[in-house]
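The values are calculated or read from the model by the stated rules, or taken from the named source; none is laboratory data. Keep in mind the model is a prediction, meaning the values are calculated, not measured. For neighbour counting, all protein chains shown are included, and Cβ atoms are generated from backbone atoms with ideal geometry for every residue, glycine included.
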Amino acid sequence: MKHDPERHAAAYLGGLLKGARRQMFERHIVDCEDCWREVDLGRKGRSVAEAGRELAPQALRERVRAAVETVSPRRRRPLWVFGAGLVTIVAVAVIVMMAVPEPDPGEIQAALASYRSGSVGVPAQSLLPERLSDLELVGADRAQLGGIDAIAHRYVDRSGDEVVVYVADEEWPIAVGAEHDNAGQTWLAERDDLVVICLNQPHSSLVVGDDSHDVELVAYSLRP
Amino acid sequence: MSMRKRTHDEFLQATLPALDLVYNLARRLVDARDVEDVVQETFTRAFGAWSAGRPPRKVEPWLATICLNTGRSWLRRASTTREVPTEPDPTLAAIDDVAGDAIGNVRKEAVHAALWELPEEQRIAITLMDLDGFTASQVSKMTGSPRGTVLARVHRGRKRLARILEKEVDQVEA
């Protein structure tokens, strides 16, 4: 793991390091002068910035109030538009209720839960490169995801955003509602704040992260 | 109460508590002489959207996004040159420093001038996170930059601020 005090301090102060990684970094900064200085400077800068917060002048409050009161409200759409909208909503609701989406397969749910918890398993031999685009490998560990044994490869970008690539010997089940590429080799799904991309080649890989840009970069780098 | 008056009252009641937030952002977006115009335009634009039946789920990030767009349009339209204020801003004279925080004693004028020494992306990211209290995810959505990029900008900006104001911070800490 490359020692990059600025990147790790930004991730730590930004709350991106969680669980064991946060504790590990907190132990590290006690002995590492460079990281300690980065964190200290970041904290001081934050306090300084917060001290610059100002209150709007009272006269501006009155000016805004007066300006808004002179603006005529825009004419709302006529009632028949709402009526038509209501009919459409009811129709869509009926269709949605008739086709209640199935839950994702257990393996996909387990992978998302593993990413969110930030849990780290028993260290394992990495199957992937040390770098994928701008992201650096910071660890590989075993993960039991539903019925699939996988190796979780944890990558971070320059500011500590994490992307995990779960590599397995068997194929991953497809997430509900996933979008497939033209060749049918990959699929993509979004779940709340997470993005998942699955590739079959060169390894059966599930790429998970909360920054879609990073997830796409990693998936693109993994393609043969 | 007329429908018209009720719409205005509902809007003002929901949005005026966020005036300080919009003001702080506008102060770091445009030249001092344009700040109040940008704030006013932000609220009148927001009212247009509100009264057309598009009230937001969360007022603060909605107003901040409108303010960002308004400020940038304003700069393009007026070709305003942004300068570091050289004279103390009269609006700051009446404002007390944040109590109870040692570093809060650093003069607001000095912090404001130091913020203007930062590159625009760092200045805006710090304003949205440290002055306006948004999360990195919210700032990421408002600015269209990845969350990691937002945090990197904020961290570099904070370091630079601390260095620019090093003497004042040290004096306060001593």
Checking A:LEU128 against (1) under 17 Å from A:LEU217 (Cα atoms); (2) within 19 Å of the chain's Cα centre (by Cα); (3) at pLDDT 90 or above: exactly one of these is not met. Which one?
(2)
Checking the conditions here, which among B:ALA125, B:ALA114 is under 15 Å from A:GLY45 (Cα atoms), part of a helix (DSSP H, G or I) and within 8 Å of chain A (Cβ to nearest Cβ)?
B:ALA114
B:ALA14 vs. criteria more than 10 Å from every other protein chain (Cβ to nearest Cβ), under 18 Å from A:ALA66 (Cα atoms), touching a residue at least 40 places away in the same chain (Cβ under 8 Å) and hydrophobic (A, V, I, L, M, F, W, C)
yes
Any helices (runs of 4 or more DSSP H) falling wholly within region A:1-75 and containing at least 1 residues that are within 8 Å of another protein chain (Cβ to nearest Cβ)
A:5-13, A:33-51, A:58-70
I want to confirm something. Restricting to region A:52-89 and keeping residues that are in contact with a helix residue (DSSP H, G or I) (Cβ under 6 Å, 6 or more places away or on another chain) and at pLDDT below 90, which single residue is nearest to B:LYS5 (Cα to Cα)?
A:PRO73
Kindly list the number of the only condition in (1) buried (at least 18 other Cβ atoms within 10 Å of the Cβ); (2) without any contact (Cβ under 8 Å) to a residue 60 or more places away in the chain that fails for A:ASP40.
(1)
A careful count of residues in region A:174-209 that are surrounded by fewer than 22 Cβ atoms within 10 Å (Cβ to Cβ), modelled with pLDDT of 85 or more and within 14 Å of chain B (Cβ to nearest Cβ) gives 2
Among the residues of region A:122-139, is there at least one that is of a type in the set (Lys, Arg) and touching a residue at least 40 places away in the same chain (Cβ under 8 Å)?
no
Return the pair list, or none, for Cβ contacts closer than 7 Å from residues in region B:37-49 that are free of Cβ contacts under 8 Å to residues at least 60 places away in the same chain and at the interface with chain A (Cβ under 8 Å from one of its Cβ atoms) to residues that are basic (Lys, Arg) and not in a helix (DSSP H, G or I), at least 6 apart or on different chains.
B:GLY48/A:ARG74
Would you pick out the residues in region B:125-141 that are crowded, with 21+ Cβ neighbours inside 10 Å and within 10 Å of B:ALA64 (Cβ to Cβ)?
B:THR127, B:LEU128, B:ASP132, B:PHE134, B:VAL139
Filter region B:139-148 down to the residues that are more than 7 Å from chain A (Cβ to nearest Cβ) and either within 11 Å of B:MET129 (Cβ to Cβ) or assigned to a helix (DSSP H, G or I) (or both) and list them by number.
B:VAL139, B:SER140, B:LYS141, B:MET142, B:THR143
Of (1) within 14 Å of chain B (Cβ to nearest Cβ); (2) aliphatic (A, V, I, L, M); (3) surrounded by fewer than 23 Cβ atoms within 10 Å (Cβ to Cβ), A:VAL156 satisfies every one except (3)
